[in-house]
Amino acid sequence: MLEINGMNFPLDRVYYTRDGAHIWLKQEDDLIKIGMDAFLVEYAGYLTFLTVNESRVKVGESIGSFESAKFVSRLYSPADGEIVAVNDEVIKNPRKINEAPYESWIFAVKADSAVLDGESEYLLDDEEKIVKWISEEIKKVEEDE
Amino acid sequence: MKYYNLGEINWKQTQLIYHALAQLEMEGLVLDSPDSRYVSLGLHQDPRDEIDFEYCKDNDIGIFRREIGGGTVLLDSRQVFFNLILKRNRDGVSRVPENFFRKFLRPVTRALKELGMDAEYRPICDLVINEKKISGNGGGEIGYCRVLAGGIMLDFDREMMARALKCSGPLKQMYIEHMKINLTTVREELGYIPPKEKICSLLIEKFSELLGPMTEGTIDAAVFEKMKELDQHYSSDRWMYQRGVKQLGREIKVKEGVYLFYHAFAIPGGETGITFEISEERIEKISFDEPHNFHPILRNEMEKKIIGLNYDSRKIIDIVCTMIEKNNN
């Protein structure tokens, strides 16, 4: 487990970074479970709504939305594929994500092709790269204040 | 950056314009007012849970479900709207909601101050005068832009706001009373309403100070075309009645930290409602629809256990359900 500024980043999964997505992906058999990382949860505040609207997903496209502090943000897919399961527990109570982001998967995708092969520049699993990425993200937020 | 000072326009266009500009990735500041009243719902709200359709129909109140956040609001020509559309990757456009609202509401606070009102920002996204809300706001991502949508209340019909909502009569009355205590308007603060042109000029001036010089823009054919296209989409039943997540109970937000929360609890032989009044995020008062459904000792225990707690609707429901169950055993 990697800890940066009090936020945890388990190293048993991959992080999707495109357009500030802050999504984690974890391979479980032939499915990829997807959720939000600690950085997103920390800075978004308490999640009040979460929706997943699509069943076919394409990498980089919006597949749903979430709301915190009267602000709606979009949820972007890190993979091409088909959504085969949605976690109703977190849809009904998105605060579960605030409480335990890495246990609260949002949806599971059956990817069209291998996603976690380390080729995409937007997927990080290397400790050093994650530290660099999160540190830059924290700096950006501080500059925006 | 361009500003679009549109004056009074068709009610639906006040919503379509900023959605269209954001979809087209055109940054800008839009200032306008609707020519008739309507209710605007947040993206994650379902009109079937929120709106008294019959009342709205009888009173010519339009309904629009927007792409961004926040709750249901009654909007009319006695408000000045400001919509700021900024590209997501623009420097200084924070993804952190509180930072975003704090920064981009600053020009509105300054404009209100210059008009003679001591307005202040209240996190997450209210502007208040002596703790009374004068401007409600919401935000969100539309396409590759981040959008701030807000309004300054010049005058406000609290009764119509409450009546347009779907909730019980007593809850509507309670809502009206809370709005009297917690909302204010330009008329109530100044004793008169300055011309909208003056308010808009000040907003343009203050937003220019933050974002750099602005030039006047006009709505061109491409934007009109996009608005027409979006109108079809947003007017469709598919969009309007897209089933969101069914909410537990009925929550009405009055201002930041002040809510009314109503829930019907199962009791032997039926159900009965309890209303929770929340102030500064804490439960302040409990009202029972039919007090006789609960033994006075149980009511007293509920009040002792719940009043003063931090507001979390799920936790409140769990506590009350457990107490009712325990009492029944």
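The numbers here are math on the coordinates, done by the rules we state, and not lab data. Bear in mind the structure is a predicted one, so any value in this text is a computation, not a measurement. A quick note on method: Cβ atoms are made from the backbone with ideal geometry, for glycine too, and the neighbour counts reach across all protein chains shown.
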At R0 = 30 Å, how high is the FRET efficiency between B:THR215 and B:ASP35 if r is their beta carbon distance? Nearest 0.05 is fine. 0.70
Selected from A:LEU40, A:SER68, B:ILE129, residue furthest toward positive end of dipole (the protein assembly as shown; charges at beta carbon): B:ILE129
Between the residues A:ASN53, A:SER77, A:LEU2, the Cα farthest towards the positive end of the dipole of the range A:2-113, that dipole coming from +1 and -1 charges on the beta-carbon of Lys, Arg, Asp and Glu, is from A:ASN53
Once phi for every residue in the range B:3-18 is put through the Karplus expression 6.51 cos²θ - 1.76 cosθ + 1.60 (θ = phi - 60°), the whole-Hz ³J(HN,Hα) values, with Gly and Pro written as x, are 10, 10, 9, 9, x, 8, 10, 3, 4, 5, 5, 4, 8, 4, 4, 6
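For peptide B:139-150, compute the average count of partner chain beta-carbon atoms within 10 Å of each residue's beta-carbon. List each step's numbers first, then the result.
Working: counts 6, 7, 7, 2, 2, 2, 0, 3, 2, 1, 0, 0.
The mean count of partner-chain Cβ atoms within 10 Å per residue comes to 3.
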Long-range HN-HN contacts of B:ARG65 with modeled amide H, under 5 Å: B:LEU41
Hey, got a sec? Which chymotrypsin sites (Phe, Trp or Tyr not before Pro) in the range B:222-254 land in a DSSP loop and have at most 15 other Cβ atoms within 10 Å? B:TYR241
Three-way shape label, the protein assembly as shown, alpha-carbon gyration tensor, a/c 1.5: oblate
Neighbouring partner chain Cβ atoms per residue of B:96-106, average, 10 Å criterion: 4
Shielding score for A:62-70, defined as the mean number of other chain Cβ atoms within 10 Å: 6
With the dipole of chain B worked out from charges on the C-beta (+1 for Lys and Arg, -1 for Asp and Glu) around the Cα centre, which of B:GLN173, B:GLY143, B:THR185 lies farthest toward the positive end? B:GLY143
In nm, to one decimal, how far is the modelled label at B:ASP58 from the one at A:ASP112, with both set 7 Å along Cα→Cβ? 5.4 nm
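How do B:CYS321, B:CYS167, B:CYS56, B:CYS125 line up, fewest other C-beta atoms within 10 Å first?
By the 10 Å Cβ count, ascending, the order reads B:CYS321, B:CYS167, B:CYS56, B:CYS125.
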With each label point set 7 Å from Cα along the Cα-Cβ vector, what nm distance links A:GLU54 and B:THR322? 4.1 nm
Over 24 Å (Cα to Cα) among A:LYS70/B:LYS305; B:LYS198/B:LYS228; B:LYS113/B:LYS133; A:LYS139/B:LYS103; A:LYS70/B:LYS132 -> A:LYS70/B:LYS305; B:LYS198/B:LYS228
For the pair B:GLU229 and A:LYS132, the simple spin-label estimate (label points 7 Å beyond Cα toward Cβ) gives in nm 3.9 nm
What longest region of chain B stays clear of trypsin sites (Lys or Arg not before Pro) that DSSP places outside H, G, I, E and B and that have at most 13 other Cβ atoms within 10 Å? B:91-242
GluC sites (Glu not before Pro) restricted to DSSP loop in the range A:68-104 with at most 14 other C-beta within 10 Å: A:GLU103
